[in-house]
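The values are calculated or read from the model by the stated rules, or taken from the named source; none is laboratory data. Since the model is a prediction, treat every value here as computed from it, not as a measurement. Cβ placement follows ideal geometry from the backbone for every residue including glycine, while neighbour counts extend to all protein chains displayed. These area figures cover heavy atoms from the full protein model, side chains too; ligands, DNA and RNA do not enter into them. Shrake-Rupley method; radii C 1.70, N 1.55, O 1.52, S 1.80 Å.
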Amino acid sequence: MMTHPVTLIPGDGIGPEVADATARAVEASGASVEWDRVEAGLHALAEYGQLLPDDVFASLEATGVGLKGPTATPIAGGHQSINVALRKKLGLYTNFRPVRMLAGLRTRFHDLPLDIAIFRENTEDLYSGLEHEVVPGVVESLKIITRNASLRIARAAFAYARRERRHKVTAIHKANIMKLSDGLFLRCCRETAAEFPEIEYQELIVDNACMQLVMRPETFDVLVMPNLYGDIISDLAAGLVGGLGIVPGANLGDRHAVFEAVHGTAPDIAGKGLANPTALMQSAVLMLAHLNEREAAERLQSAIERVYAEGKHLTGDVGGKAGTAEFTDAVIRTMDAR
Ligand code: ATP
């Protein structure tokens with residue numbers, strides 16, 4: 001059996017709890033993974049004086065694959081967000097977030113078979129971190145949109161749609177107001193759409209997209225958008241399928257992949273053993289598939305789905321009474337029972 005070296009970044013807040021739970025679940029999935037555990041975030045800042053120490057990059061350079069818990073960035077302290085720094089430095093230009101309804105989960109939309117794939121551009125837009133004070137009392141934040149990055153994310157979305165036999169790609173924008181920047185993004189999506197004639201292409205203004213996602217979420221298939229709309233739409237879409245505790249994510253570049261849930265550090269429940277590790281576990285399923293460990297990926301995913309279908313060991317955020325450990329034990333028992 002092949003052993004895969006993987007960089008494990010537990011992170012802050014609920015990060016270490018969901019990362020430990022997920023590492024246990026991956027080990028029980030049948031895949032052989034060797035974790036290289038490195039610290040980033042507030043822990044690292046306290047211990048090494050750096051939010052994102054160099055050994056994180058050294059490890060990811062060696063392994064090429066990371067599993068990451070959420071990390072906190074001190075607000076307004078002059079620190080660049082860890083996620084933004086990682087994505088830029090490693091060229092992780094695609095943020096992929098598959099939003100699926102887990103059978104058995106009671107949400108407001110549980111009777112709808114939701115399966116929405118979100119492709120969020122990960123390196124530019126208002127996340128470029130280019131802000132300055134023009135004169136006292138006036139600040140400027142630069143929204144950067146480039147043809148290269150827009151074509152790259154559009155191609156990733158359409159290539160996924162073709163590979164997975166999905167039927168429609170929707171580009172989300174505000175080009176009626178930001179005519180140059182979002183206008184360029186849309187032109188790149190249109191150009192790409194022309195290379196994939198079998199896939200239906202649609203455009204929606206972001207405010208309308210929010211309303212349609214709540215009123216008719218089942219009509220959405222693959223979504224592609226710039227960075228900021230992607231951040232907001234991801235949380236909205238997570239709300240449709242049970243919240244932030246559920247939705248996984250992958251940051252993908254040409255040479256590296258870092259798998260990470262959509263949620264943040266959830267300081268309100270950190271350290272209490274209450275966090276739902278499903279989002280990071282489903283991110284680990286994406287990671288196992290990326291490592292070509294198809295059987296282990298399928299085993300972990302179907303165990304998660306069976307624990308939800310049974311409904312007896314779910315965490316508080318999705319209406320259950322279990323803690324992180326009880327849910328994780330149930331997933332591992334289900335895999336072992338097969
Ligand atoms: P950030 O600003 O860091 O991206 P966020 O705005 O996405 O963070 P979170 O820290 O993820 O916010 O938390 C939002 C809410 O969702 C909180 O009430 C938190 O407790 C809940 N939440 C987030 N993740 C989980 C989880 N894995 N399990 C249970 N509850 C969660």
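Here is how the numbers come out for the structure above:
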| read-out | value |
| --- | --- |
| At R0 = 22 Å, FRET efficiency that the Cβ-Cβ distance of His79 and Arg255 yields, to 0.05 | 0.30 |
| Fully extended contour minus Cα-Cα distance, from Glu295 to Asp268, at 0.36 nm per residue | 6.1 nm |
| Listed residues Arg147, Arg255 arranged by accessible area, highest first, probe 1.4 Å | Arg255, Arg147 |
| Karplus-derived HN-Hα couplings along the stretch 299-304 (A = 6.51, B = -1.76, C = 1.60, θ = phi - 60°), whole Hz, x at Gly and Pro | 5, 5, 4, 6, 5, 4 |
| GNM result for the chain, Cα springs below 10 Å: residue of Ala161, Ala58, Ala25 fluctuating most strongly | Ala58 |
| Å² per residue, accessible surface of the chain at 1.4 Å | 44 |
| Whole-angstrom Cα spans of the chain along principal axes, big to small | 55, 48, 39 |
| Spin-label model distance (nm) - Ser128 vs Arg147, 7 Å beyond Cα toward Cβ | 1.6 |
| Karplus-derived 3J(HN,Hα), 6.51/-1.76/1.60, for each residue of the stretch 307-324, Hz, glycine and proline x | 5, 5, 4, 6, x, 8, 10, 8, 7, x, 4, 10, x, x, 10, 6, x, 4 |
| Equivalent-ellipsoid semi-axes of the stretch 59-166, from the Cα gyration tensor, Å, largest first | 31, 19, 18 |
| Karplus-derived 3J(HN,Hα), 6.51/-1.76/1.60, for each residue of the stretch 28-35, Hz, glycine and proline x | 7, 7, x, 7, 9, 10, 10, 7 |
| Carbon + sulfur, % of accessible area of the chain - ligands and nucleic acids excluded, 1.4 Å | 53 |
